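Derivation of every value follows stated rules applied to the coordinates shown; laboratory data play no part. On a predicted model such as this, the values are computed, not experimentally measured, just so you know. Positions of Cβ are generated from backbone atoms using ideal geometry, with glycine treated the same way; all protein chains shown enter the neighbour counts.
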Amino acid sequence: MKSLFIVLEGIDGSGKTTQAKRLCRHFEDEKRTVHSLKEPGGTPLGERIRELFLHSDRALEPLTELLLIEASRHELVEQVIRPALRQGAAVVCQRYTYSSLAYQGYGRGLALDWISELNERATGGLKPDVAIYLDVPVATGMHRVQNEREPDRMEREGRAFLKRVEAGYHKLIEQNSEMVKVDGSLSEGELFQKIVELVRQVEGGAS
């Protein structure tokens, strides 16, 4: 069975975690080996970076954010994602290179070409088979986060920042053929069915 690399993208509160869990169960039901990952994280170093990135009691400079994420990403790609794909597994990853462009680029104002170069170096050019963007209004995402959990450092950013991130994602969808937008305001079940349909299309195209 051919390997699959699937990325779920979106602002906080868009439903990535819920859909990633459902998608992994779907693959397990099909008797496929599946790796559920999220950025930053997924390796010993990545988990330490995740804790610092999301729960630091001090503000981080935009460049510091980016370099931390790229370090975590490189470890994840080389230690987990590439080996899993070589073995024919499915990989479901919450966030990838697109998040750096959306958050640190469009959101924080760092140069997009420089972020793209770092993304390329961190991943060795590895792209997913499909990157699914769960599209929800900023107000909806913020409301979900506030009702479901204590917001982390990034989730406490204001509406203006998240609107820039959202606009950035929409531009990235136009620029990257592997990115697909789905309506994140659908019910959990309806959204999952849309995601499964996209995955089946990718599998069919790869056969």
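Brief remarks follow.
- Within the same chain, aspartates and glutamates fewer than 8 places from LYS171 are excluded, and of the rest, those with a Cα less than 16 Å from its Cα are GLU9, ASP113, ASP135.
- Within the same chain, lysines fewer than 8 places from LYS2 are excluded, and of the rest, those with a Cα less than 28 Å from its Cα are LYS16, LYS21, LYS31, LYS38, LYS127, LYS181, LYS194.
- Note on the stretch 17-43 and the stretch 73-109: Cα centroid distance 14 Å, given to the nearest whole angstrom.
- Trypsin sites (Lys or Arg not before Pro), loop per DSSP, at most 10 other Cβ atoms within 10 Å - longest free stretch of the chain: 59-207
- Here the relative contact order of the chain, from alpha carbon pairs under 8 Å that lie six or more residues apart, stands at 32 percent.
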